[in-house]
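Following: one structure in structure tokens, then a few remarks.
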Amino acid sequence: MIEKLMEKWHQNLNGELPGGIDELLADDVKFYSPIVFTPVKGKELAKLYLGAVGNTFSGGETMESLGADDSKFKYTKEVVSGYHAVLEFEVEVEGKYVNGVDIITCNDEAKIIELRVMLRPLQGINIMHEQMKKRLDKLQKAGQGVYDR
């Protein structure tokens, strides 16, 4: 299952998946952000947070921007087994190096039921926190309700 999902995951990052991130997430997905204390539950909120991540990493509006040729985001390692994948990435955000992993779990329909993101080093976490807060505050002001959990 996870191999099928990873193929679609990479297609999405390259902007080549009809339906985008919506096609990858289960309705009851849980997203564990390194920036937010509690998990984000449900597809709609997870899409908002992942959109903010894509915007932070790439300067674009969605996760689909990450695969663009001018993106500083790149996966460096990928380990897949059964229903799980661990993808290590590197990215530069406002001149700061950020290294992290996406830990993905899927269900029998090859949909993401859990996504955990871990980051390092501390300066990378700090810049991500700063940038994500700006984007989430903007969504909150637009009435998206990102803090209503």
If Tyr75 satisfies every condition in (1) surrounded by fewer than 19 Cβ atoms within 10 Å (Cβ to Cβ); (2) within 14 Å of Val117 (Cα to Cα); (3) at pLDDT below 85 but one, which is the exception?
-> (3)
For the range 9-47, what are the residues that are surrounded by 20 or more Cβ atoms within 10 Å (Cβ to Cβ), touching a Leu at 6+ places or on another chain (Cβ under 8 Å) and outside any strand (DSSP E or B)?
-> Trp9, Asn12, Leu13, Ile21, Leu24, Ala46, Lys47
Filter the range 81-98 down to residues that are surrounded by fewer than 16 Cβ atoms within 10 Å (Cβ to Cβ) and hydroxyl-bearing (Ser, Thr, Tyr) and give me whichever is modelled with the lowest pLDDT.
-> Tyr97
Do any residues in the range 25-48 that are closer than 20 Å to Ile2 by Cβ have Cβ atoms under 9 Å from those of residues that are among the aromatic types (Phe, Trp, Tyr) and in a helix (DSSP H, G or I), where the two are at least six apart or on different chains, and which pairs are they?
-> Phe31/Tyr49
The lone exception for Cys106 - which of (1) modelled with pLDDT of 95 or more; (2) of a type outside the set (Lys, Arg); (3) in contact with a strand residue (DSSP E or B) (Cβ under 8 Å, 6 or more places away or on another chain); (4) surrounded by fewer than 14 Cβ atoms within 10 Å (Cβ to Cβ) it fails | (4)
Selection count where residues are outside any strand (DSSP E or B) and more than 18 Å from His10 (Cα to Cα), scope the range 83-98 | 2
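The values are calculated or read from the model by the stated rules, or taken from the named source; none is laboratory data. Note that the structure is predicted; figures quoted are calculated from it, not measured. A quick note on method: Cβ atoms are made from the backbone with ideal geometry, for glycine too, and the neighbour counts reach across all protein chains shown.
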